[in-house]
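A quick write-up on the structure given underneath.
Any read-out appearing in this document is the output of simple, stated calculations on the displayed coordinates, not a laboratory observation. Treat the numbers as computed from the prediction; the structure is a model and nothing was measured. Glycine gets a Cβ as well: all are built from the backbone with ideal geometry, and neighbour counts include every protein chain shown.
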Amino acid sequence: MVNLKEPSTKFMKVRCNCKNEQIIFGKCATVVNCLVCGKPLAHPVGGKSQVEARVLEVLD
């Protein structure tokens with residue numbers, strides 16, 4: 001039996017101020033913008049993402 005390590009990051013569902021809901025990755029490499037209004041939702045900070053939007057849920 002092989003023991004696999006669980007991933008340390010997850011996908012997140014976030015909501016922008018314009019009410020758009022979008023799924024982003026927890027460790028983004030570039031700035032993630034809202035697909036509707038273009039406002040930055042998250043930007044990379046040393047491996048993990050600095051999320052600027054409201055996190056609705058963390059997806060498995």
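At-a-glance table
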item	result
The chain: radius of gyration over Cα atoms, expressed as a fraction of 2.2 N^0.38 Å	1.25
Neighbour-count ranking [beta-carbon atoms within 10 angstrom, fewest first] of L56, L41	L56, L41
Unpaired by the 4.7 Å Cβ criterion, cysteines found in the chain	C28
Relative contact order of the chain, defined on C-alpha pairs under 8 angstrom at six or more residues apart (%)	35
Which of M12, M1 has the fewest Cβ neighbours within 10 Å, and the rest in rising order	M1, M12
Length released on extending from V58 to L4, taking residue separation times 0.36 nm less the Cα-Cα span	17.3 nm
